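Presented below is the structure to which this report refers.
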Amino acid sequence: GMPAPPAPTLGTRRRTRQLHVGPVGVGSDFPIAVQSMTTTVTADVNATLQQIAELSTAGCDIVRVACPSQDDADALAAIAAKSPIPVIADIHFQPRYVFAAIEAGCAAIRVNPGNIKKFDDQVKDIARAAKDRGTPIRIGVNAGSLDARLLAKHGRATPEALVESALWEASLFAEHDFHDLKISVKHNDPVIMVRAYELLAEACDYPLHLGVTEAGPAFQGTVKSAVAFGALLRQGIGDTIRVSLSAPPVEEIKVGTQILQALNLRPRKLDIVSCPSCGRAQVDVYKLAAEVTAALEGMDIPLRVAVMGCVVNGPGEAREADLGVASGNGKGQIFVRGEVIRTVPESRIAETLIEEALRLAESGEFA
Ligand code: SF4
């Protein structure tokens, strides 16, 4: 048959320079990558690799590990060698760990100019080491650790201050003909963060890593990240993303992936179309939607499942989906590809949907 037309997106991607973090292309020629950061002690190689494996399974494209001590720096080579996804070493305070991380074969290094004293003097050596090894560098400016000089000049971490810090560091690398840079200018306030990235996007053509820093616990952090990333991605701004949550990092990957899928910036996998239910509902929609989602989450096919509480919008949505239920009178009409295949009592709706989903998955139609 005819190939499906590409899913519409909201914005045209901003043109950027390209770079590679290990095998993952970063920049406007490549899909937007989802990142997270491990919470284990990096020096605990097994625990760190275990968490990286979980992140990779959840869909993480690139992982960052903290490197606050010599023991952590010593662990980088083993982690970089065994990780299934590229590893970025996160360096604050000690420039010597930058050299150690490059030497260890990390796929990229994140430096925070505000936190590396005498960093500017060492840029030449860092640029040479990184260039020799083909290691890109992320300049990660953070509102909480803005360069003291810029904090004094701007009074606080304004969008202009964040951008000035990032561009200053980038210019130091550029002086040494090093351009494999990715930049982030994170702030915990989505409005300031969005403005900072807009200014940065106008001022340079480096790829940008999006993040609302210290965004809060899962619910608040999800909303802040979703609105901020949405505002930027709508303008085509953003090449990698990280959702920061005070929650396990796998949750960050789920949210980041879902944000990209919602904007058609990544192919949708399981897409549950379920109604909020209302006074007309004739089945327990919350329970059905939760059961179907739990059973089908993680299925690796682009399946759209409609779970609808009554006949107002039910048959319409169920017909449009790959699979669906339109409920009425304690029964559910099960739709597959727009056709009613059977009617089952409420108690059997969830299991029937799950059965049919697995049948569709096995049919090879989605291969
Ligand atoms: Fe209410 Fe029916 Fe719409 Fe669900 S589908 S919200 S039950 S009218």
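Values for this structure:
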item	result
Residues within the range 81-95 that are open to solvent by 30 Å² or more (accessible area, probe 1.4 Å) and at pLDDT 95 or above, tallied	3
Hits in the range 282-314 (condition: surrounded by 19 or more Cβ atoms within 10 Å (Cβ to Cβ) and near the ligand (Cβ under 7 Å from one of its atoms))	Val285, Met308, Gly309, Cys310, Gly314
Filtered residues of the range 98-109 (kept if open to solvent by less than 10 Å² (accessible area, probe 1.4 Å) and either more than 18 Å from Ile126 (Cβ to Cβ) or not in a loop (DSSP other than H, G, I, E, B) (or both))	Val98, Ala101, Ile102, Ala108, Ile109
Residue among Thr39, Thr16 that is touching a residue at least 40 places away in the same chain (Cβ under 8 Å), within 30 Å of Leu263 (Cβ to Cβ) and open to solvent by 30 Å² or more (accessible area, probe 1.4 Å)	Thr39
Matching entry among Val292, Val307, Val325 (being β-branched (Val, Ile, Thr) and either at pLDDT below 85 or in a helix (DSSP H, G or I) (or both))	Val292
Hey, Thr57 within 22 Å of Leu245 (Cα to Cα), open to solvent by 40 Å² or more (accessible area, probe 1.4 Å) and within 15 Å of the chain's Cα centre (by Cα) or not	yes
Residue in the range 110-117 that is in a strand (DSSP E or B) and closer than 26 Å to Ala148 by Cα present	yes
Any strands (runs of 3 or more DSSP E) falling wholly within the range 179-281 and containing at least 2 residues that are modelled with pLDDT under 95 and within 16 Å of the ligand (Cβ to nearest atom)	271-274
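For (1) in contact (Cβ under 8 Å) with a residue 40 or more places away in the chain; (2) away from the ligand (no atom under 16 Å from the Cβ); (3) open to solvent by less than 40 Å² (accessible area, probe 1.4 Å), each residue gets a yes or a no:
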position: Glu317; (1), (2), (3): yes, no, no
position: Leu323; (1), (2), (3): no, yes, yes
position: Gly330; (1), (2), (3): yes, no, yes
position: Gln333; (1), (2), (3): no, no, no
position: Val336; (1), (2), (3): no, yes, yes
position: Glu339; (1), (2), (3): no, yes, no
position: Thr343; (1), (2), (3): no, yes, no
position: Glu356; (1), (2), (3): no, yes, yes
position: Ser363; (1), (2), (3): no, yes, no
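The values are calculated or read from the model by the stated rules, or taken from the named source; none is laboratory data. Values in this document were obtained by computation on a predicted structure and should not be read as measured data. When we count neighbours, we look across all protein chains shown, and the Cβ atoms used for this are built from the backbone with ideal geometry, even at glycine. Accessible surface areas use protein heavy atoms only, side chains included; no ligands, DNA or RNA. Shrake-Rupley method; radii C 1.70, N 1.55, O 1.52, S 1.80 Å.
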